[in-house]
Amino acid sequence: MHITVSEMRRTTLVEISGRIDSTNATSLGEALNAEIDAGHLQMVVDLSNVEYISSAGLRELVSAAKKVRQNGGDLRIASPSPRVREVLELAGLDTIFQVFPTQVEAVGSF
Amino acid sequence: MPEERRLSLPAVLQRIPEACEFVNKAAGLSGLDEQSVYHCEMSVDEWCTNVVEHGFGGQPNAGHIEISCEVKDHTFVITVRDDGPPFDPTSLPEPNRVTSLEERRPGGLGWFFIQKFMNRVEYTYADGFNQLRMYKEGARPIPEATPSPYPAHTLPNGVRVVSPNGRLDSLHGRQLEMALNAQIDAGFTRVLVAFEAVNYISSTGLKALLTAMRRLQERNGQIALYGMSARVREVFEISGFDAVFPIAASADEALALIRE
């Protein structure tokens, strides 16, 4: 798994690539928490290059989303692959997260 | 998949990806479609994670996980055994699916996925072992090795052109490997692979190409690829394989790439 964080004008863009599972979900959580602690509460997580995410990774996304929302922000998902989208839908997370087909739309939604 | 396959691992998180790869490969060979293969892989990932985190309580050197895969009656069967304390998944809390984020509590989601992804699941505890058996329908016997199922022809300069078609996925990637091996075994050392009729390639397809390239390099031979759709090309770019293989737009350009 590789994480790239870019600060945009109104949002923080977190681009993840590779595989998110129980061996690396904690590092994802730490990366998201570091942004939250720095006061970056409007987050877009781009999943277009994530081919696999297990419940361990989903838990970190949910946990980060909770924190930013408690502080008036939001965490939105951009361009999940069909496999990842299926997992989000099964877990009912597509109703919890705002999911956008493209990064541009997700960033523009803030 | 003709015979049963087995894997034994220490029960630590860092080794779980090996279990995933093992099951992914076996499921692919069983003829399940790509989505079902993904479901099998994720179910094993989720179960092994539960075993390590809840069963063994995250202790190091705690014990072992043993995984076996087989095909029975067109069903892919995964059996996972561990020598940890009894851990009955049916005791896990049901994940509350349609509540708001604030009420959503972690836990049980992995088990929820397993139940959704697999057709049937059976848990037993006997003789000091937890055993979870997971069933996924849709497996079929692997077709017998046929000689090159993809068309191939030889150019006047002795270059061999192989033209696979359709999906080079976990099942057909193997056919590609056989097709390329057949050319190399027949003595061809300069090979072009025409991608014009290929609409999908997975890691199995990429591995087949890599194997062929290594074999050709051992024989001072060369391989080049051409005629990819944008989608297929993207897979090469994302995986970094575009830096590994010479890739051209047309047959003529590809020929120029492997001219000595």
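Compute the distance in nm between two label points, each set 7 Å from the Cα along the Cα-to-Cβ direction, one at B:ALA126 and one at A:ASP37.
My value for the distance between the label points is 5.0 nm.
Fewest Cβ neighbours within 10 Å first, please rank A:SER63, B:SER203 accordingly. Could you put the intermediate results ahead of the total?
On the way: A:SER63 16, B:SER203 20.
Ordered by Cβ neighbours within 10 Å, fewest first: A:SER63, B:SER203.
Name the long-range amide H neighbours of B:ILE65: under 5 Å, sequence gap of 5 or more, or other chain; modelled H, no Pro or chain starts.
When sequence neighbours closer than 5 places are left aside, the close amide H contacts are B:LEU9, B:ALA11.
Taking the convex hull of the Cα atoms, report for segment B:152-258 its projected area averaged over all directions, in nm². Numbers along the way, then the final one.
Details: hull surface 23.0 nm².
Projected area, direction-averaged: 5.8 nm².
Tell me which aspartates and glutamates have Cα within less than 13 Å of A:LYS66's Cα, excluding those fewer than 8 residues away on the same chain?
Candidates past the 8-residue exclusion: A:ASP74, B:GLU102, B:GLU103.
Take the residue pairs A:LYS67/B:LYS116; B:LYS72/B:LYS136; B:LYS72/B:LYS207 and return only those whose Cα atoms are more than 22 Å apart. Display every interim value, and only then the final one.
Details: A:LYS67/B:LYS116 29 Å; B:LYS72/B:LYS136 10 Å; B:LYS72/B:LYS207 28 Å.
As for pairs spanning more than 22 Å Cα to Cα, those are A:LYS67/B:LYS116; B:LYS72/B:LYS207.
How large is the dipole of chain B about the Cα centre if only Lys and Arg carry +1 and Asp and Glu carry -1, each at its Cβ, rounded to the nearest 20 debye? Before the final figure, lay out each step's value.
Working: 25 positive and 34 negative charges, 117 e Å.
Roughly 560 debye for chain B.
Apply the Karplus curve 6.51 cos²θ - 1.76 cosθ + 1.60, θ = phi - 60°, to the phi angles in segment B:153-158 and return the couplings in whole Hz, x for Gly and Pro.
Once θ is set to phi - 60°, the couplings for segment B:153-158 become 9, 10, 7, x, 7, x Hz.
A short reminder: the numbers here are calculations on the coordinates, not readings from a lab. Everything quoted here is computed from the prediction, not taken from an experiment. Ideal geometry is used to build each Cβ from the backbone, glycine not excepted, and the neighbour counts take in all protein chains shown.
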